[in-house]
1. In the range 1-101, what percent of the accessible surface is made up of carbon and sulfur (1.4 Å probe, ligands and nucleic acids excluded)?
2. Of the DSSP beta bridges with both residues in the chain, give the percent that are antiparallel, rounding to the nearest 5.
3. Could you calculate the FRET efficiency of residue 85 with residue 45 from 1/(1 + (r/R0)^6), where r is the beta carbon distance between them and R0 is 25 Å, rounded to 0.05?
4. Just add up the charged neighbours of residue 22: K/R +1, D/E -1, any other residue whose Cβ is under 15 Å from the Cβ of residue 22.
5. Using a 1.4 Å probe, what is the accessible area per residue for the range 1-82, in Å²?
6. How much length, in nm to one decimal, is gained on full extension between residue 52 and residue 31, taken as 0.36 nm per residue of separation minus their Cα-Cα distance?
7. What length, rounded to one decimal in nm, is gained on full extension from residue 7 through to residue 74, with 0.36 nm per residue of separation minus their alpha-carbon distance?
8. Determine the sum of side-chain charges near residue 48: Lys and Arg each +1, Asp and Glu each -1, restricted to other residues whose C-beta is under 14 angstrom from that of residue 48.
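The values are calculated or read from the model by the stated rules, or taken from the named source; none is laboratory data. Being a predicted model, the structure only gives us computed values, none of them experimental. Cβ placement follows ideal geometry from the backbone for every residue including glycine, while neighbour counts extend to all protein chains displayed. Note: accessible area is taken over every heavy atom of the protein model, side chains too, but ligands, DNA and RNA are not part of it. Shrake-Rupley method; radii C 1.70, N 1.55, O 1.52, S 1.80 Å.
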Amino acid sequence: QVQLVESGGGLVQAGGSLRLTCVASVRTFSRYDMAWYRQAPGKEREFVAIIRWGGETTTYGDSVKGRFTISRDVAKNTVYLQMNNLEPEDTAIYYCNIPRPPYWGRGTQVTVSS
């Protein structure tokens, strides 16, 4: 089975930073697109960022552009989400995702205080 395990969430003050990590147990990791989504209480799951298999092409949701950066380390089967200038609106459970077929991790909680 494909396993995605997120870590790095926590409580941070507005304006602070966190780096989320997702470790994937997949074959040929370098050929998978990898993404992050988030879901806040009472809201639908929201697209955050995606990085294509080559590691050079990225796309971000409008709400995080300029503040978040997605990256990957193929040798470690790992994708990262660097989150800077966090806002209370960023509070959510963050999920690692492989879009095709898709696969999902269990999520990691990010809470931003104001």
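1. On the way: 2560 of 5550 Å².
Looking at the range 1-101 in its full context, I get 46 percent from C and S.
2. Values: 35 of 39 bridges.
Antiparallel bridges make up about 90 percent of those DSSP assigns within the chain.
3. Working: r = 22 Å, r/R0 = 0.90.
So the FRET efficiency works out to roughly 0.65.
4. Numbers: positive: 19, 38, 72, 76, 106; negative: 6, 33, 73.
For residues surrounding residue 22, the net value is +2.
5. Numbers: 4690 Å² over 82 residues.
Roughly 57 Å² per residue, with all protein chains present.
6. Details: separation 21, 0.36 × 21 = 7.56 nm, distance 0.82 nm.
Contour length minus Cα-Cα distance gives 6.7 nm.
7. Numbers: separation 67, 0.36 × 67 = 24.12 nm, distance 1.75 nm.
Between residue 7 and residue 74, full extension yields 22.4 nm more.
8. On the way: positive: 19, 38, 43, 45, 65, 67; negative: 6, 33, 44, 46, 62, 87, 89, 90.
Cβ neighbours under 14 Å give a net charge of -2.
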